[in-house]
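What follows is a set of notes on a single structure, which appears directly below.
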Amino acid sequence: MTFQTFIFYFFAGVLVASAICVITARNPVHAALFLVLAFFTSAGIWIQLQAEFLAIALVLVYVGAVMVLFLFVVMMLDINIARMRAGFWSYLPVGGAVAALLVLEMGFIVTGSYFGAESAPAPDALPPGYSNTKELGRLLYTEYVYPFEIAAVILLVAIVAAIALTLRRRKTTKGMDIGQQVKVRRQDRVRMVSMAPVRPDDESADKRGGA
Amino acid sequence: MYSLATVEQFFGPTWPVVWTLAKIVAIVAPLMLAVAYLTLWERKVIGWIQVRIGPNRVGPRGLLQPIADGLKLLLKEIIVPSGANKFLFVIAPVMAIMPALAAWAVVPFSPELVLSNIDASLLYILAITSMGVYGVIIAGWASNSKYAFLGAMRSAAQIVSYEIAMGFALVGVLMAAQSLNLGDIVHGQRGDFGLFNWYFIPLFPLFLTYLISGVAETNRAPFDVAEGESEIVAGFHVEYSGIAFAVFFLAEYANMILISTLCAIMFLGGWLSPFPAAIPVLGAPSAWWLVLKLFLVVTSFLWFRATFPRYRYDQIMRLGWKVFIPVTLVWIIVLGAWMQTPLWVWWGTFE
């Protein structure tokens, strides 16, 4: 076993174990953290496939941004585990059917004579100056530019829709207008008064003290 | 190289591992020393700004103060709060410092002096530093304390927001340099005019955005609401003591040095000299220029802390989303147009 194979099996083992933990962990925060580990180890496997741009993008987008927000939400939820498990048996047939279908499909890909790893040609050896990133960028912005732009627009629409759905303006909300705040000058708030010093006479001081 | 060859023979097949470990130690050990003395430098600088002397009791002129602090923290007990998640509580400081150290693998100190010269080093840095937030979140959650949790929530929202502005600032840099490789980015700033060839001139709005976002990313004053002691005691690390607390501290300072170094590499010419190359000694590129630049940027971090009052939380969010992101987006468009005209002169010289 070469060092590379060892690394692959290490990453693969950790990936499978953490993926199983994602669905078996009782605590949702633990499940989310296991998902982070799963993303990270799959990025390691992608690096072994010489797809370093995709691997780094996976870490950057999913580990660095998406999962942080996920954790953010999960930590603030008060999840009742007993109630979540209540529907387990009624959902089992549907879930089991979907899972069986997935296993079947994956079995086709991995072992089948048509899709199997053996029937696919081995990739060409890469020249030393080969840049994965540049190649991907060229493909994305030339051949696949329309699907790429359409996906971007769809995502933008989703962002706008999410904001529009959650934005509620209530009349009672007190917000501030930053422009107004910045515009304020001293003269608007403070009035300097020049007046002669006054010493209160003893009688009024007594009254104030007595009251 | 005779002596190195004999050492290589001695280790035999384990040599690559040993050699990589030696290189890692050669980067991490000076870094940790720099972090230790940065804490002393911070206390001294803030002392001078506030017309105090600063630490001067331990060792000559207080020079042994960081050693004494470290020793004290090492010997203190680590208290795990009851109800805390023990495993996550212990692993959180590790998660905080790991990215701060791992990012140094691709930082070039001079054209030859870089541990790993990978093609997408800028992306690698972005990806690795984006993981630093996990240390904060996990610490806040695992502590089972409301203050810690509030600090973690604030920090997570803040870091994720400022990462976007920071990423856009870096997009400007990679457009100008036309490369994701940090070494090539420095080469792109090389020219006959010394500091006028550096990217901070054409990318000035992005430079400012990056610097300020860097302060926010490292949770430093005036953006240190994550640990705002007047509101939430000490934020996410309120329950930590002893060496576990010290590791958070080290991570924060290591991140400061990292952000300053990246700032120096991407906008201030890295190891290049600010003087024109025609001047004999001063014009020569050297790793010492990089050290000097990062020292100046780090010192400005300390200066900010001593000068500005803490931002209000909603203003931090407003600054990140409504000021920095539009500024960077507009400047990227300006830059793209500018680079198509003959007015763009920052092409750099590559060998």
Quiz item: Taking region A:16-67, which residues are within 15 Å of residue B:137 (Cβ to Cβ) and in contact with an Asp or Glu (Cβ under 9 Å, 6 or more places away or on another chain)?
Solution: A:64, A:65
Practice problem: For residue B:97, indicate whether it is touching a helix residue (DSSP H, G or I) at 6+ places or on another chain (Cβ under 7 Å) and assigned to a helix (DSSP H, G or I). | Solution: yes
Exercise. Look through B:265, B:257, B:243 and report the one residue that is over 30 Å from residue B:187 (Cβ atoms) and touching a residue at least 60 places away in the same chain (Cβ under 8 Å).
Key: B:243
Quiz item: Applying the selection to region A:38-76, what residues are surrounded by fewer than 20 Cβ atoms within 10 Å (Cβ to Cβ) and under 15 Å from residue B:156 (Cβ atoms)?
Solution: A:65, A:66, A:69, A:70, A:72, A:73, A:74, A:75, A:76
Exercise. Sort out which residues of region B:135-154 are open to solvent by less than 20 Å² (accessible area, probe 1.4 Å) and either over 18 Å from residue A:77 (Cα atoms) or among the charged types (D, E, K, R) (or both), and write them in order of number.
Key: B:135, B:136
Practice problem: Kindly establish whether residue B:153 is at pLDDT 85 or above and either facing another protein chain (nearest Cβ under 10 Å) or touching a Gly at 6+ places or on another chain (Cβ under 9 Å) (or both). | Solution: no
Quiz item: For residue B:178, all conditions in the list (1) more than 9 Å from chain A (Cβ to nearest Cβ); (2) touching a residue at least 12 places away in the same chain (Cβ under 8 Å) hold save one; what is the number of the exception?
Solution: (2)
Practice problem: Quickly run through region A:67-82 and pick out the residues that are assigned to a helix (DSSP H, G or I) and more than 10 Å from every other protein chain (Cβ to nearest Cβ). | Solution: A:70, A:73, A:81, A:82
Self-check item: region B:104-127, subset open to solvent by less than 20 Å² (accessible area, probe 1.4 Å) and among the β-branched types (Val, Ile, Thr), residue farthest from residue B:270 (Cα to Cα)
Solution: B:125
Quiz prompt | Selection within region B:108-144 - within 17 Å of residue B:188 (Cα to Cα) and away from chain A (no Cβ under 12 Å) | solution = B:108, B:109, B:110, B:111, B:112, B:117
Exercise. Could you look through region B:43-62, keep only residues that are in a loop (DSSP other than H, G, I, E, B) and small (Gly, Ala, Ser), and pick out the one that is surrounded by the most Cβ atoms within 10 Å (Cβ to Cβ)?
Key: B:54
Quiz item: How about region A:169-192: which of its residues are more than 18 Å from residue B:314 (Cα to Cα), open to solvent by 100 Å² or more (accessible area, probe 1.4 Å) and either of a type outside the set (Lys, Arg) or not in a helix (DSSP H, G or I) (or both)?
Solution: A:170, A:171, A:172, A:185, A:187, A:188, A:191, A:192
Quiz item: Does residue B:171 qualify as being under 19 Å from the mean Cα position of the chain (by Cα), farther than 29 Å from residue B:270 by Cβ, more than 8 Å from every other protein chain (Cβ to nearest Cβ) and assigned to a helix (DSSP H, G or I)?
Solution: no
Quiz item: If you take the residues of region B:183-199 that are open to solvent by 10 Å² or more (accessible area, probe 1.4 Å) and over 20 Å from residue B:123 (Cα atoms), which of them is modelled with the highest pLDDT?
Solution: B:198
Quiz item: If you go through region B:278-298 one residue at a time, how many are part of a helix (DSSP H, G or I), open to solvent by 30 Å² or more (accessible area, probe 1.4 Å) and of a type outside the set (A, V, I, L, M)?
Solution: 3
Quiz prompt | Every pair of residues 6+ apart whose Cβ atoms lie under 6 Å, when the first sits in region A:43-62 and is within 10 Å of chain B (Cβ to nearest Cβ) while the second is open to solvent by 20 Å² or more (accessible area, probe 1.4 Å) and of a type in the set (Val, Ile, Thr) | solution = A:53/A:133; A:55/A:47
Quiz item: For region B:85-103, what are the residues that are under 30 Å from residue B:190 (Cα atoms) and open to solvent by 10 Å² or more (accessible area, probe 1.4 Å)?
Solution: B:101, B:102
Quiz prompt | Scan of region B:299-323 for residues that are more than 20 Å from residue B:256 (Cα to Cα) and open to solvent by less than 30 Å² (accessible area, probe 1.4 Å), ordered by number | solution = B:319
Quiz prompt | Any chance residue B:87 is in a loop (DSSP other than H, G, I, E, B) and under 28 Å from residue A:55 (Cβ atoms) | solution = no
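Could you check how many residues of region A:1-19 are more than 14 Å from every other protein chain (Cβ to nearest Cβ) and either at pLDDT below 85 or open to solvent by less than 90 Å² (accessible area, probe 1.4 Å) (or both)?
12
Is there a residue in region B:9-19 that is assigned to a helix (DSSP H, G or I), open to solvent by 50 Å² or more (accessible area, probe 1.4 Å) and among the polar types (S, T, N, Q)?
For region B:9-19, residues assigned to a helix (DSSP H, G or I), open to solvent by 50 Å² or more (accessible area, probe 1.4 Å) and among the polar types (S, T, N, Q): present.
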Quiz prompt | Members of region B:214-228 that are part of a helix (DSSP H, G or I) and either surrounded by fewer than 21 Cβ atoms within 10 Å (Cβ to Cβ) or touching an Asp or Glu at 6+ places or on another chain (Cβ under 8 Å) (or both) | solution = B:217, B:225
Quiz item: Which condition number in (1) assigned to a helix (DSSP H, G or I); (2) polar (S, T, N, Q); (3) open to solvent by 70 Å² or more (accessible area, probe 1.4 Å) is the one that residue B:82 fails?
Solution: (1)
Quiz prompt | Sole exception among (1) open to solvent by 100 Å² or more (accessible area, probe 1.4 Å); (2) at pLDDT below 75 for residue A:195, by number | solution = (2)
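The values are calculated or read from the model by the stated rules, or taken from the named source; none is laboratory data. Quick caveat, the model's predicted, so the values are computed rather than measured. Neighbour counts are summed over all protein chains in view; Cβ atoms, including those assigned to glycine, are modelled from backbone coordinates with ideal geometry. To get the accessible areas, we keep the full protein, side chains included, count just its heavy atoms, and leave off ligands, DNA and RNA. Shrake-Rupley method; radii C 1.70, N 1.55, O 1.52, S 1.80 Å.
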